1. Taking only C-alpha pairs under 8 Å that are 6+ residues apart, what is the relative contact order of region 1-75 in percent?
2. Using the crude model of +1 on Lys and Arg Cβ and -1 on Asp and Glu Cβ, and no other charge, please compute the dipole size for region 174-232 relative to its Cα centre, in debye to 20.
3. Restricting to Cα pairs below 8 Å that are 6+ residues apart, what does the relative contact order work out to for region 39-80? Please round to a whole percent.
4. Just the ratio, please: alpha-carbon radius of gyration of region 185-257 over 2.2 N^0.38 Å, N its number of residues.
5. Counting DSSP beta bridges with both partners in the chain, what percentage is antiparallel, nearest 5?
6. Mind checking which aspartates and glutamates have their Cα closer than 18 Å to the Cα of Lys236? Skip sequence neighbours fewer than 8 apart in that chain.
7. Which entries of Lys18/Lys53; Lys129/Lys213; Lys24/Lys213 show an alpha-carbon separation above 18 angstrom in the structure shown?
8. Tell me the Rg and the Dmax, in Å, that the Cα atoms of the chain produce.
Amino acid sequence: KYFQNRTGLKEMSQRLEKALGIRKVILSPVVNPEDQTAAQKELGKAAAHYLKKLIHNDSIIGITGGTTVQSVIDSFRHEKDHLPGAMILPARGGVGNRAELQANTLVERFANMLGCQYKLLFSPDILSKDAISSLKNEPEIKALMALIKNITVLLFGIGDAMTMATRRGLNQEEIGIINSRDAVAEAFGHYFNREGEIVYEISTIGISLEQFKTIENPVAVAGGLGKKDAIVSICKLHPGLILVTDEVVAKAILNDT
Ligand code: F6P
């Protein structure tokens, strides 16, 4: 039996904040745990609702790709905010070949909804070290990297490490490294073990772990039981984290602690 009323969710989110040691937990209701699509939609709605309060005209908003971030942005569709002073940027290079899931595509859609400025990052998610160092000298990339350093709100997805390694098409050697180092989570191109220690990082242009740790409003959005361990791991990275997840995951984490 799951809680579906606001009071139940609120109380559960406060318990989870304490258990995870993070700033805030926002929980979305799950009416039918079998229906992943509906659950992700609810998650998106809950995150969009909270983000609306967090974003201002002077915000520099970084976003990652993925289906969950996409569902957050879809939920903004009916909002009528106009924030001409705000700026949206992709926090990392793109992933895979499903264009609609790439951060760039989401940045453009989100910026059009909010009537704000945006920047795109045209770089593959995986690059050689040499390619990265020469790209970092390009004036446009330099300007974007400077903006990334000043991100005030980061909306990002969390993935299960193996699922993401496969989605990104990592090679056998890289998958071997991730496996042998017990990676459970992936976020913004970094792989982490259960303790939230970084075990692998894919080479690309974008936000670094050090920069992530200084962000004032990091908002993680991830749901579904398959991401439970990944979510717990990412919560160890930043005490100021705002986690938007669903009640099924919340219950499972609380049962473990
Ligand atoms: O690829 C971008 C990204 O945000 C990853 O960092 C994250 O692991 C993944 O997407 C989450 O994807 P989804 O929301 O589709 O599960």
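The values are calculated or read from the model by the stated rules, or taken from the named source; none is laboratory data. What you are looking at is a predicted structure, and each value in this text was computed from that prediction instead of being measured. Cβ atoms come from the backbone with ideal geometry, glycine included; neighbour counts cover every protein chain shown. SASA here: full protein model, heavy atoms, side chains in, ligands and nucleic acids out. Shrake-Rupley method; radii C 1.70, N 1.55, O 1.52, S 1.80 Å.
1. On the way: 63 pairs, mean separation 19.4, N = 75.
Reported relative contact order: 26 percent.
2. Working: 5 positive and 9 negative charges, 38 e Å.
That gives region 174-232 a dipole magnitude of about 180 debye.
3. Numbers: 26 pairs, mean separation 26.2, N = 42.
Here the relative contact order equals 62 percent.
4. Numbers: Rg = 12.4 Å, N = 73, 2.2 N^0.38 = 11.2 Å.
Compactness ratio reported: 1.10.
5. Values: 10 of 32 bridges.
Percent antiparallel among DSSP bridges in the chain is about 30.
6. Reachable aspartates and glutamates: Glu17, Asp160, Asp182, Glu186, Glu195, Glu197, Glu201, Glu210, Glu216, Asp256.
7. Details: Lys18/Lys53 23 Å; Lys129/Lys213 23 Å; Lys24/Lys213 16 Å.
Too far apart for the 18 Å limit: Lys18/Lys53; Lys129/Lys213.
8. Here Rg and the maximum Cα pair distance are 17.5, 55 Å.
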